[in-house]
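Asks: Here you go, one structure.
The values are calculated or read from the model by the stated rules, or taken from the named source; none is laboratory data. Every value quoted in this text rests on a predicted model; they were computed, and no experiment measured them. When we count neighbours, we look across all protein chains shown, and the Cβ atoms used for this are built from the backbone with ideal geometry, even at glycine. Side chains included, ligands, DNA and RNA excluded: accessible areas come from the protein's heavy atoms. Shrake-Rupley method; radii C 1.70, N 1.55, O 1.52, S 1.80 Å.
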Amino acid sequence: MAASTEKTIVVDDLRLAYSTREVIHGISFDVGRNEIFAIIGPAQSGKTSLLRCLNRTIDFVADASMTGTVLFEGEDVRRTRDVFALRRKIGMVAPLPVGLPLSIYDNVAFAPRCAGMHDREELDGLVERCLRQAALWDEVKDRLNSLGTALSGGQQQRLTIARALSHQPDVLCLDEFSIAIDPVTTMRIEDVLKELSREITIVLVTNLVQQARRLAKRTMFMWKGEIVELGVTEVVFSDEPADRRTYDYVHGIFG
Amino acid sequence: MTAIPASGERVRTRLPGRRPLTILGERALEILIRLSGFSAIFFVLAIFFFVFREAAPVLFTSEFDPKEFLFSTQWYPTSERNVRYGTWALTFGSVAVTALAMVIAVPFGLGAAIYISEFSGKKQKEILKIVIELLAAIPSVVWGFIGLTVMSKLIVTLTGAPVGVNLLNGGIILALMSIPIIVSIGEDALKAVPDSYREAAEALGATKLQMIRRVLLPAARNGLLAAVLLGVGRAVGETMAVLMATGHAVQIPHGPLDSVRTLTANIAAELGEAAAGSPHYRVLFLTGVLLFCITFAVNLTADMAIRGLRRK
Ligand SMILES: Nc1ncnc2c1ncn2[C@@H]1O[C@H](COP(=O)(O)OP(=O)(O)OP(=O)(O)O)[C@@H](O)[C@H]1O
Ligand SMILES: [Mg+2]
């Protein structure tokens, strides 16, 4: 395929409105293959809404209307024939973990099973690998059959990370994944992300600007539904970014 | 940012203390609530006691044999020479009609509940719910009437059975009566499952049917089980409709086209003609106790099943 050269995701003039209120005002950017792409920005700037446009989980909001195009591997996500497969290819970790009311094992095995994987051994291996990648395996390996919702907040969040990895996505979207996770574990997961980025593309929305700095090749600064600045992370975090507001935000003197 | 006082001084507001009268009022309310809670236990015990008191004397007479009562199919309460009080055929009738009703009502009822909660549009949902509530409001004697006339003719023409009032007829009528309960309680149970579960499942690439099967139904299973058991309760206890629709013949049925009689219908039909205080009268009350025990056993099983599921 021609499109498979560089760009995994190409967003062009994307607008999103909830009923009549537009919250994303025509933004365009692209994400390269196997890059870690960070999105930073203050609250309400539309970061979560943007992610939900990528894998069409925005469909769950009945009054949301989206215009413009989002291309994933050259295919318009809104024209895709199989939205379920699309969602498996673009995995999502939500900021508030929602453990499915199933056992820990079944939580992780959920997506593979939906995709038709039923071989017990294969599933066992996959579940273990995903839980290890999410830095959760050691804590839960002895109680895989207890309820996922009975884990602590941070553990549940890591469980959702394991779950998002379980369907082996091409793109992994992480929305403030570390808000309930302690710094040490966060570092472990960040290492895993770096490792993963050799094979998959990662879109990382984060409130921890330093996390973007540590991980991302490029960083996008969003504000009020628009892109203020998009560039190489070193530049965005330097003393002379292209936009003054970027400097203020990154240095915590925004407002 | 101006409202924050300089460090050191702390703003303190004194909360007014609670007045004695308020405290007394709260106590009284608490006691009242506790009483209404316990009154439920009281009423159950009282009802059981009175029914049992009417029945008890016959237990100690020579013509009564507990084994015959439970396991004999001979029900001749008014025989001159040889009175026999065997309720096995009646118990069997009750169980058979209820089981048949549930075989029909559970798939339809739960299916309808899933459709209403997950697939129907807003307007359609409103309409369906209203219609189902209407169905629940039809008096049981009207159902019996339908069984006796419409359904019975239908059964005779379709199956060629000699009589149309039989096990099948009663089962269908009871199913129709239990479905509204199963649907509305089942729908409540599904509605109680948070939307975030549905979205999380679908965000993982599950189709709607996969989401329903793997997430929704397990999450709502206690409520759905309760819905089914309320349906069972309704079917076991129903009297008028089964009296009219089942044919009222005391026998163990050999197929769905045989007539049967249920415990409830038997009591309703015979209590009026049994002289108060006679053995027949007392045995009918004992039949009531038996019915009570059956429903109690159903509820207890349900309770344990739910608890077992929860532990899993
Ligand atoms: N489901 C919804 N219905 C209506 N409006 C919404 C919905 N979700 C988000 N919004 C609105 O869209 C705007 C952008 O919200 P969004 O959650 O995308 O911001 P965000 O950048 O992720 O913020 P945060 O950093 O706080 O997570 C906000 O003004 C919000 O009120
Ligand atoms: Mg957000």
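Asks: Go through the residues of region B:261-277 one by one and say whether even a single one is open to solvent by 40 Å² or more (accessible area, probe 1.4 Å), closer than 18 Å to B:Leu100 by Cα and more than 13 Å from the chain's Cα centre (by Cα).
Replies: no
Asks: Let me ask you something else. Out of region B:59-77, which residues are of a type outside the set (A, V, I, L, M, F, W, C) and either open to solvent by 60 Å² or more (accessible area, probe 1.4 Å) or in contact (Cβ under 8 Å) with a residue 40 or more places away in the chain (or both)?
Replies: Correct list: B:Thr61, B:Ser62, B:Glu63, B:Asp65, B:Pro66, B:Lys67, B:Thr73, B:Gln74, B:Tyr76, B:Pro77.
Asks: Then there's this: Just give me the residues in region A:96-124 being within 16 Å of ligand 1 (Cβ to nearest atom) and surrounded by 18 or more Cβ atoms within 10 Å (Cβ to Cβ), in sequence order. Break it down into steps so the answer makes sense when it comes.
Replies: Quick first cut of region A:96-124, residues within 16 Å of ligand 1 (Cβ to nearest atom) only: A:96-98.
Hits for region A:96-124 are A:Pro97, A:Val98.
Asks: Given the structure, is A:Val23 under 27 Å from A:Val250 (Cβ atoms), within 14 Å of chain B (Cβ to nearest Cβ) and in contact with a Ser or Thr (Cβ under 6 Å, 6 or more places away or on another chain)?
Replies: So A:Val23 fails the test.
Asks: Looking at this structure, is A:Ala38 under 17 Å from A:Ile202 (Cα atoms), among the aliphatic types (A, V, I, L, M) and either away from chain B (no Cβ under 14 Å) or within 16 Å of ligand 1 (Cβ to nearest atom) (or both)?
Replies: yes
Rundown of residues vs (1) surrounded by fewer than 19 Cβ atoms within 10 Å (Cβ to Cβ); (2) within 16 Å of ligand 2 (Cβ to nearest atom); (3) within 20 Å of the chain's Cα centre (by Cα), yes/no style:
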site: A:Ile200; (1), (2), (3): no, no, yes
site: A:Asn207; (1), (2), (3): yes, yes, yes
site: A:Ala212; (1), (2), (3): no, yes, yes
site: A:Thr219; (1), (2), (3): no, no, yes
site: A:Met222; (1), (2), (3): no, yes, yes
site: A:Leu230; (1), (2), (3): no, no, yes
site: A:Ser238; (1), (2), (3): yes, no, no
site: A:His251; (1), (2), (3): yes, no, no
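Residues checked against (1) more than 8 Å from every other protein chain (Cβ to nearest Cβ); (2) within 12 Å of B:Glu202 (Cβ to Cβ); (3) within 16 Å of ligand 2 (Cβ to nearest atom); (4) assigned to a helix (DSSP H, G or I):
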residue	(1), (2), (3), (4)
A:Ser49	yes, no, yes, yes
A:Ala62	yes, no, no, no
A:Ser65	yes, no, no, no
A:Arg78	yes, no, no, yes
A:Arg81	yes, no, no, no
A:Arg88	no, yes, no, yes
A:Pro95	yes, no, yes, no
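Asks: Here is a follow-up. With (1) under 25 Å from the mean Cα position of the chain (by Cα); (2) charged (D, E, K, R); (3) at the interface with chain A (Cβ under 7 Å from one of its Cβ atoms) as the list, and B:Glu199 as the residue in question, which single condition is left unmet?
Replies: Result: B:Glu199 passes all but (1).
Asks: Which of the residues belonging to region A:153-188 are within 14 Å of chain B (Cβ to nearest Cβ), more than 16 Å from ligand 2 (Cβ to nearest atom), among the polar types (S, T, N, Q) and not in a loop (DSSP other than H, G, I, E, B)?
Replies: A:Gln156, A:Ser166
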